[in-house]
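Below is one structure, written out as structure tokens; the observations come after it.
Coordinate-derived values only; no laboratory data. Remember, it's a predicted structure, so these values are computed and weren't measured experimentally. FYI the Cβ positions are ideal-geometry reconstructions off the backbone, even for glycines, and counts take in every protein chain you see.
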Amino acid sequence: MVWCFDIRFERGFRKFLRHIGVEYWDAIRLAGGAKCLASADEGARQFVLDQIRISMRLHGTRRVILMLHSDCGGYGGLEAFADAQAEAAHHAGELRRAAENLVAAIPGIKAEPYFVDFEGVWALE
């Protein structure tokens, strides 16, 4: 799981993981969460990809849950966007890019992108 370290969404996300049947996970938590996989910052992307590869080697990971959330300081917070819909649309694009970069770097891995806001957790189609 690639997730932000913002604790405000922790309880809801843990409940969501139980709901989708995830009992154990390796958490890669850093500011902005999946932003690092969408980013042009090659160093940050490689760091997270290396962590995912370690999880694969040690625990047989084949599925990576990518998370972005509303009001993330890594993106300038909610005030960086015109409104909540603009923020969600931006994060959807970021999640798509993160998933594409992940699958390109680690063929065969399954990327599951989700956006979390103050109303719930939303799967990216």
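Which whole-number percent is the relative contact order of the chain (Cα, under 8 Å, 6+ apart)? Relative CO of the chain lands at 29 percent. Each other residue within a Cβ distance under 13 Å of Asp26 adds +1 if Lys or Arg and -1 if Asp or Glu, for a net charge of +3. Where a ≥ b ≥ c are the square roots of the eigenvalues of the C-alpha gyration tensor, would you call the stretch 12-59 rounded, which needs a/c under 1.5, or, failing that, prolate if a/b is larger than b/c, or oblate? Oblate, because a/c is 1.5 or more while a/b does not exceed b/c. Applying 1/(1 + (r/R0)^6) with R0 = 30 Å to the Cβ-Cβ distance of Glu112 and Asp83 gives a FRET efficiency near 0.70. Once backbone amide H atoms are built at 1.01 Å from N, Ala34 has Cys4, Met67 as its partners under 5 Å, excluding neighbours fewer than 5 places away on the same chain. The calculated 222 nm mean residue ellipticity attributable to helices in the chain amounts to -14000 deg cm²/dmol, summing -39500 (n - 2.57) over DSSP H runs of n ≥ 4 and dividing by all residues. Computed over the stretch 25-90, relative contact order equals 30 percent, with contacts defined as Cα pairs under 8 Å that lie 6+ residues apart. When the Gaussian network model of the chain links Cα atoms closer than 10 Å, the mean-square fluctuations of His91, His69, His59 top out at His59. Remark on Ala111: its backbone amide H falls under 5 Å from those of Val64, a criterion applied only to residues 5 or more positions apart or on other chains, H modelled at 1.01 Å from N. In angstrom, the C-alpha Rg and Dmax of the chain are 13.7, 43.
Note on the chain: antiparallel DSSP beta bridges, both residues inside, total approximately 25 percent of the bridges counted.
Quick one, could you list the DSSP H helices from the chain stretching 30 Å or more along their long axis (Cα atoms) with average Kyte-Doolittle hydropathy of -0.5 or above? Helices passing the filter in the chain: 84-105.
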